[in-house]
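Peer 1: Have a look at the structure that comes next, please.
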Amino acid sequence: MKNVFSLSKAVSAGIAGTVAMTLFMFMGKFMGINMNVPKMLSSMFGGNLAIGWIMHFMIGIFLAVSFGLIFYNVISAENRIVKGMLFGIIPWFMAQMIVMPMMSVMQGMNFSDGLFSGSLKLAFASLIAHFVYGAVVGAIYKPQLKTAANPSV
């Protein structure tokens, strides 16, 4: 049996993972942690919040497709949820080392000001949010199995 990528399952997983991550981030307000990714993304486009939301979901879908195409078979964990959570470390690390520092530069600060979200508390909350995203993506995404009995998949 061979795993065959499923675009529809990856897109569904990306949407569900992005919703779960967003709900987790908005709960952070109750703990004094402000993580509003759509608003942050919209700042690159003159504050158009609709574009920020669209970008947020596009990124979530793109990452889930990447998970299904590349990382699903690379990460050796048996449990799909664990596999997804391990995958979540990759976009979290990229966000902390590239995206957040670039956002800092766009706001007139130094690149180093944005490293790890400029705060270990925010960076840790972001890590948990990416674990939530990865867990949901891993739970939902399941490749199709290509078998001798079903070679058309």
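The values are calculated or read from the model by the stated rules, or taken from the named source; none is laboratory data. Everything numeric in this text was worked out from a predicted model, so none of it was measured. Note that we place each Cβ from the backbone using ideal geometry, even for glycine, and neighbour counts take in every protein chain shown.
Peer 1: MET94 fails exactly one of the following numbered conditions: (1) crowded, with 19+ Cβ neighbours inside 10 Å; (2) free of Cβ contacts under 8 Å to residues at least 60 places away in the same chain. What is the number of that condition?
Peer 2: Unmet condition: (1).
Peer 1: Among the residues in the range 76-90, are any crowded, with 19+ Cβ neighbours inside 10 Å and either among the polar types (S, T, N, Q) or touching a Leu at 6+ places or on another chain (Cβ under 9 Å) (or both)?
Peer 2: The answer is yes, given that some residue of the range 76-90 is crowded, with 19+ Cβ neighbours inside 10 Å and either among the polar types (S, T, N, Q) or touching a Leu at 6+ places or on another chain (Cβ under 9 Å) (or both).
Peer 1: OK, next. Could you list, in sequence order, all residues of the range 102-132 that are touching a Ser or Thr at 6+ places or on another chain (Cβ under 7 Å) and surrounded by 20 or more Cβ atoms within 10 Å (Cβ to Cβ)?
Peer 2: If the condition is that a residue be touching a Ser or Thr at 6+ places or on another chain (Cβ under 7 Å) and surrounded by 20 or more Cβ atoms within 10 Å (Cβ to Cβ), then GLY114, SER117, SER126 are the ones that fit.
Peer 1: Out of LYS146, LYS121, report the one residue that is more than 15 Å from the chain's Cα centre (by Cα), modelled with pLDDT of 85 or more and among the basic types (Lys, Arg).
Peer 2: That would be LYS121, the only listed residue that is more than 15 Å from the chain's Cα centre (by Cα), modelled with pLDDT of 85 or more and among the basic types (Lys, Arg).
Peer 1: With respect to SER43, is the statement that it is touching a residue at least 40 places away in the same chain (Cβ under 8 Å), farther than 24 Å from GLN144 by Cβ and of a type in the set (Ser, Thr, Tyr) true?
Peer 2: yes
Peer 1: Of all residues being in contact with a helix residue (DSSP H, G or I) (Cβ under 9 Å, 6 or more places away or on another chain) and among the basic types (Lys, Arg) in the range 1-42, which is farthest from VAL65 (Cα to Cα)? Just the residue, please.
Peer 2: LYS39
Peer 1: Name the residue, out of LEU115, LEU127, that is farther than 21 Å from MET44 by Cα, in a helix (DSSP H, G or I) and touching a helix residue (DSSP H, G or I) at 6+ places or on another chain (Cβ under 9 Å).
Peer 2: Within the list LEU115, LEU127, the selection yields LEU127.
Peer 1: Answer with yes or no whether PHE24 is touching a residue at least 40 places away in the same chain (Cβ under 8 Å), closer than 29 Å to GLN107 by Cα and surrounded by fewer than 17 Cβ atoms within 10 Å (Cβ to Cβ). Give the steps one after another, and end with the answer.
Peer 2: Working: touching a residue at least 40 places away in the same chain (Cβ under 8 Å): yes; closer than 29 Å to GLN107 by Cα: yes; surrounded by fewer than 17 Cβ atoms within 10 Å (Cβ to Cβ): no.
Spelling it out, it is not the case that PHE24 is touching a residue at least 40 places away in the same chain (Cβ under 8 Å), closer than 29 Å to GLN107 by Cα and surrounded by fewer than 17 Cβ atoms within 10 Å (Cβ to Cβ).
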